[in-house]
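Below: the structure, in structure tokens.
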Amino acid sequence: MKILAIETSGKVASAALLEDLKVISEIVLNTKLVHSVMLIDLIDQVLKNASSKIEDVDLFAVSIGPGSFTGLRIGVSTIKGFCYATSKPCVGVDTLKALCYNFWACSDFLMPILDAKSQKVFTGIFRFEEGKLKTYHPTSILDIEEAKELAKKYDPVLLGEGLDIYDFSEFKISPKFLQYQKASNVGILAFELAQEGKICSHFDLIPVYLKKSYAERDQDT
């Protein structure tokens, strides 16, 4: 099964082509360019590097959140377009769970930290057990102090780009090169979900925001 996966939920833009669990081609960019500018070129290059075409893809995968509102919309809209054009299915994966695959088979608890603005973070507690990622605290939005209390309870390894913004130095911090999202993780998790029959059409693919956008909050005031 060929899987095209993209990750646009944060600062990193990434695309990858996988054959089942084997990564064939991947590009990860952590630049200041916006995802809308680079994403299609990124996907095109990933396919070219693997001598493949979009028609060769059997399953499309995307990180659906939580994360940047704009980034999630770009990623989900792009995958919806590919699914519509090729009549192929897709899988949406939890951003935090995909991030944990940087530490596949690690025995420690894992705690992703992504910036949710206003002194809040997207986080959860996960751990790999017998090769499967188990959830101990579901993906949620917490203020900084709540997140630190959660970390004290589980003594996890922390990872995620939120660590660039908020001070969690009192806890175990992952190496810098393992802190960021990447598309190959999205593809690996998508393959596992597909094996469980958890695929969908582009009609059912929606982002998971966990909080209202600034525009939506303005409408409520």
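Solvent-accessible surface of the stretch 93-209, averaged per residue with a 1.4 angstrom probe and all protein chains in place: 46 square angstrom. Simple point charges give the picture: +1 on the Cβ of Lys and Arg, -1 on the Cβ of Asp and Glu, and for the chain a dipole about the Cα centre of about 140 debye. Hydrophobic long helices, here whole DSSP H runs in the chain with Kyte-Doolittle means of at least 0.0 and Cα atoms spread over 15 Å or more along the helix axis, are found at 35-49, 69-86, 183-195.
With loop membership from DSSP and a limit of 11 other Cβ atoms within 10 Å, the longest segment of the chain without GluC sites (Glu not before Pro) is 1-129. For the stretch 63-221, the orientation-averaged shadow of the C-alpha convex hull comes to 10.1 nm² (one quarter of the hull surface). Using heavy atoms of the protein chains and a probe of 1.4 Å, the accessible area assigned to S107 is about 90 Å². Taking a ≥ b ≥ c as the square roots of the eigenvalues of the alpha-carbon gyration tensor, the stretch 63-116 is classed oblate because a/c is 1.5 or more while a/b is no larger than b/c. Solvent-accessible area of I74, probe 1.4 Å, all protein chains present, reported in Å² to the nearest ten, please. For I74, the solvent-accessible surface is approximately 40 Å².
Give me the percent relative contact order of the stretch 68-189, please, defined on Cα pairs under 8 angstrom at least 6 residues apart. Relative contact order for the stretch 68-189 comes out at 24 percent. To put it simply, the accessible area of the chain at a 1.4 Å probe is 54 percent carbon and sulfur.
Separation of the stretch 47-61 from the stretch 83-121 is 22 Å, based on Cα centroids. The alpha-carbon of K182 sits under 16 angstrom from the alpha-carbons of these aspartates and glutamates, leaving out residues fewer than 8 places away in its chain: E7, E26, D94, E161. Eigenvalues of the alpha-carbon gyration tensor of the stretch 3-48, scaled by 5 and square-rooted, set the equivalent ellipsoid semi-axes at 19, 11, 8 angstrom, largest first. Backbone geometry of the stretch 53-65 corresponds, through the Karplus equation with coefficients 6.51, -1.76 and 1.60 at θ = phi - 60°, to 3J(HN,Hα) couplings of 10, 4, 5, 7, 6, 9, 8, 9, 9, 8, 6, 9, x Hz, x marking Gly and Pro. Near A61, the amide H atoms lying under 5 Å from its own belong to L4, A5, I6, V91; only residues 5 or more places off or on other chains count, and H is placed 1.01 Å from N. Only beta bridges with both residues in the stretch 100-221 are counted; by DSSP, about 70 percent of them are antiparallel.
Sparsely packed loop sites in the stretch 1-80 (the trypsin sites (Lys or Arg not before Pro) outside DSSP H, G, I, E and B with at most 12 other Cβ atoms within 10 Å) comprise K32, K53.
The values are calculated or read from the model by the stated rules, or taken from the named source; none is laboratory data. Keep in mind the model is a prediction, meaning the values are calculated, not measured. A quick note on method: Cβ atoms are made from the backbone with ideal geometry, for glycine too, and the neighbour counts reach across all protein chains shown. What goes into the accessible areas is simple: the full protein's heavy atoms, side chains included, and nothing from ligands, DNA or RNA. Shrake-Rupley method; radii C 1.70, N 1.55, O 1.52, S 1.80 Å.
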